[in-house]
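All remarks here apply to the structure that follows.
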Amino acid sequence: MSSNGAIAWTNGKRRLRDLVSWGHNPREINETESKRLIESLDEFGQIQTIAVGPGGEIYDGHQRRYVWAASAKYGPDYEVDVRV
């Protein structure tokens with residue numbers, strides 16, 4: 001936290017395998033949406049960063065992490081932009 005009590009975010013890079021999914025994430029993704037995420041990364045690159053805590057726990061970006069890490073093209077060693 002910063003001196004005024006607000007969270008101080010920093011930018012970084014992490015391998016998908018190092019990001020920790022929250023086990024109670026209620027969202028699910030279907031095959032069509034998964035394909036769209038891959039196509040979007042192919043066409044535009046990573047537009048939105050994945051928000052993670054200091055220990056790598058995902059706050060926002062579970063579906064992107066899951067789909068990209070499972071894909072043959074990117075996989076678990078692919079590095080993504082994160083906000084920590």
Inset, instruction - Filter region 48-66 down to residues that are touching a Lys or Arg at 6+ places or on another chain (Cβ under 9 Å) and on the phi < 0 side of the Ramachandran plot, then give me how many there are. - result: 10
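May I ask you to list the residues in region 36-67 that are among the aromatic types (Phe, Trp, Tyr) and either at pLDDT 95 or above or farther than 14 Å from Arg14 by Cβ (or both)? Can you show your working first?
In the first step, residues of region 36-67 are kept if they are among the aromatic types (Phe, Trp, Tyr); the result is 44, 59, 66.
Matches in region 36-67: Phe44, Tyr66.
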Legend entry - Pair list, Cβ < 6 Å and 6+ apart or interchain, from region 57-84 residues that are touching a residue at least 12 places away in the same chain (Cβ under 8 Å) and more than 16 Å from Asn25 (Cβ to Cβ) to residues that are basic (Lys, Arg) and part of a helix (DSSP H, G or I): Pro76/Arg17
Inset, instruction - Restricting attention to region 7-64, report how many residues are open to solvent by less than 60 Å² (accessible area, probe 1.4 Å) and assigned to a helix (DSSP H, G or I). - result: 9
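Which of the residues spanning region 65-84 are aliphatic (A, V, I, L, M) and buried (at least 16 other Cβ atoms within 10 Å of the Cβ)? Before the answer, list the steps.
First pass over region 65-84, keeping only residues aliphatic (A, V, I, L, M): 67, 69-70, 72, 80, 82, 84.
Listed by number, the residues that qualify are Val67, Ala69, Val80, Val82, Val84.
The values are calculated or read from the model by the stated rules, or taken from the named source; none is laboratory data. Since we're looking at a predicted model, the values are computed, not measured. Every residue, glycine as well, gets a Cβ built from its backbone with ideal geometry; the counts of neighbours run over all protein chains shown. Calculation scope for accessible area: heavy atoms of the full protein, side chains included, ligands and nucleic acids excluded. Shrake-Rupley method; radii C 1.70, N 1.55, O 1.52, S 1.80 Å.
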